[in-house]
Amino acid sequence: MQQHLGGRPPNPRGVLLAEVAQATQRLADAGVPSPRNDAEELAAFVHGVKRGELHSVKDADFDARYWETIARREAREPLQHITGRAYFRYLELQVGPGVFVPRPETESVVGWAIDAVRAMDVVEPLIVDLCTGSGAIALALAQEVPRSRVHAVELSEDALKWTRKNVEGSRVKLSQGDARDALPELDGQVDLVVSNPPYIPLTEWEYVAPEARDHDPELALFSGEDGLDLIRGIERTAHRLLRPGGVVVIEHADTQGGQVPWIFTEERGWADAADHPDLNNRPRFATARKAMP
């Protein structure tokens with residue numbers, strides 16, 4: 001049997017994979033929710049490979065800057081701010097300070113919206129995404145509903161710096177404005193209004209994950225004492241924009257299940273208001289249809 005003389009025995013996994021294992025433990029100790037995923041993502045980012053190719057990085061090519069990115073993530077800086085990219089459905093988006101980082105839960109919202117638009121059997125559906133942030137929802141709809149006409153609205157200039165990068169070259173038409181009085185020129189014409197608005201109650205500030213509380217813009221997180229202030233405003237905007245029979249889809253916190261559908265009442269011109277679960281079976285978004293006259 002061949003012996004290894006001198007020093008430590010060689011690590012059969014390679015230097016990088018051994019470092020990823022150590023980084024995973026450090027991130028777990030720091031309370032990072034997905035330590036192995038993040039350790040591998042950062043290793044892939046620093047070394048310019050895909051996660052499935054980490055084993056192919058030669059020991060001599062290990063980049064010590066990896067530990068700089070781990071320290072940043074350990075301090076609960078969002079993974080997406082470190083890498084400058086976020087994945088959403090089939091998209092890779094540019095993100096960073098000043099724009100809300102899209103979350104996996106919102107993919108369920110978009111999936112429902114796509115099914116609803118396809119069920120309408122409209123040749124060129126008109127769609128409005130309010131509080132678009134990075135443009136994730138608008139771009140996903142434009143990509144997956146090929147003949148759709150998609151308008152995206154964002155108020156924050158800081159967020160728009162990122163939105164403009166992401167929508168460049170796409171069919172999405174971007175506007176700066178307040179969701180509560182947006183796009184009056186489209187009144188009564190829209191087939192679908194979709195939004196992931198701010199919905200965290202101001203009273204919940206201390207319970208918000210550090211990645212969101214300390215790095216996502218407050219404008220994209222908080223909305224009044226009960227978190228529903230902007231959703232109430234969007235209800236009126238959606239009713240104004242939609243054609244009769246058009247649909248609104250709006251994300252909310254899982255703790256607000258049951259509250260949001262009550263904003264879309266028959267008295268206010270709505271039908272079929274309902275809540276829907278996300279992938280973890282928690283109430284995550286509400287839908288309603290504009291009543292026929």
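The values are calculated or read from the model by the stated rules, or taken from the named source; none is laboratory data. Since the structure is predicted, the reported quantities are computational estimates derived from the model, not experimental observations. No Cβ is skipped: glycine too gets one built from the backbone with ideal geometry, and neighbour counts run over all protein chains shown. These accessible areas exclude ligands, DNA and RNA; they are computed on the full protein's heavy atoms, side chains included. Shrake-Rupley method; radii C 1.70, N 1.55, O 1.52, S 1.80 Å.
Can we say Ile250 is in contact with a Pro (Cβ under 8 Å, 6 or more places away or on another chain) and of a type in the set (Val, Ile, Thr)?
Numbers: in contact with a Pro (Cβ under 8 Å, 6 or more places away or on another chain): yes; of a type in the set (Val, Ile, Thr): yes.
So Ile250 passes the test.
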Worksheet entry | Evaluation of Trp262 against (1) of a type in the set (A, V, I, L, M, F, W, C); (2) open to solvent by less than 40 Å² (accessible area, probe 1.4 Å); (3) in a helix (DSSP H, G or I) (one fails), failing number | (2)
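Table: residues versus (1) out of contact with any strand residue (DSSP E or B) (no Cβ under 7 Å at 6 or more places or on another chain); (2) under 26 Å from Asp275 (Cα atoms); (3) not assigned by the TED database to the domain that holds Ser34.
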site: Val99; (1), (2), (3): yes, no, yes
site: Val128; (1), (2), (3): no, yes, yes
site: Lys161; (1), (2), (3): yes, no, yes
site: Val167; (1), (2), (3): no, no, yes
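Would you mind listing the helices (runs of 4 or more DSSP H) fully within region 11-100 where at least 1 residues are under 30 Å from Ala138 (Cβ atoms)? Write out each step before concluding.
Values: elements: 15-29, 35-47, 66-74, 79-83.
Correct list: 35-47, 66-74, 79-83.
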Worksheet item: Mind checking which residues of region 119-141 are without any contact (Cβ under 8 Å) to a residue 40 or more places away in the chain and either open to solvent by 10 Å² or more (accessible area, probe 1.4 Å) or assigned to a strand (DSSP E or B) (or both)?
Response: Ala119, Asp121, Val123, Glu124
Worksheet item: When you go through (1) surrounded by 22 or more Cβ atoms within 10 Å (Cβ to Cβ); (2) among the hydrophobic types (A, V, I, L, M, F, W, C); (3) closer than 26 Å to Thr163 by Cβ one by one for Ala288, which number turns out not to apply?
Response: (3)
Practice prompt. Could you figure out which of (1) open to solvent by less than 30 Å² (accessible area, probe 1.4 Å); (2) small (Gly, Ala, Ser); (3) modelled with pLDDT under 95 isn't true of Ser56?
Written response: (1)
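Can you tell me which residue among Leu241, Leu183, Leu192 is at pLDDT 95 or above and touching a His at 6+ places or on another chain (Cβ under 7 Å)?
On the way: Leu241 fails: touching a His at 6+ places or on another chain (Cβ under 7 Å); Leu192 fails: touching a His at 6+ places or on another chain (Cβ under 7 Å).
Checking each option against the conditions leaves just Leu183.
Filtering region 187-245 down to residues that are assigned to a loop (DSSP other than H, G, I, E, B) and among the aliphatic types (A, V, I, L, M), which residue is most open to solvent (accessible area, probe 1.4 Å)? Break it down stepwise before answering.
Looking only at region 187-245, we keep the residues that are assigned to a loop (DSSP other than H, G, I, E, B), and these are 187-189, 196-199, 201, 208-209, 214-217, 221, 223-228.
Adding the requirement that they be among the aliphatic types (A, V, I, L, M) leaves 208-209, 221, 228.
On the way: Val208: 20, Ala209: 51, Leu221: 8, Leu228: 6 Å².
Applying the filter and picking the extreme gives Ala209.
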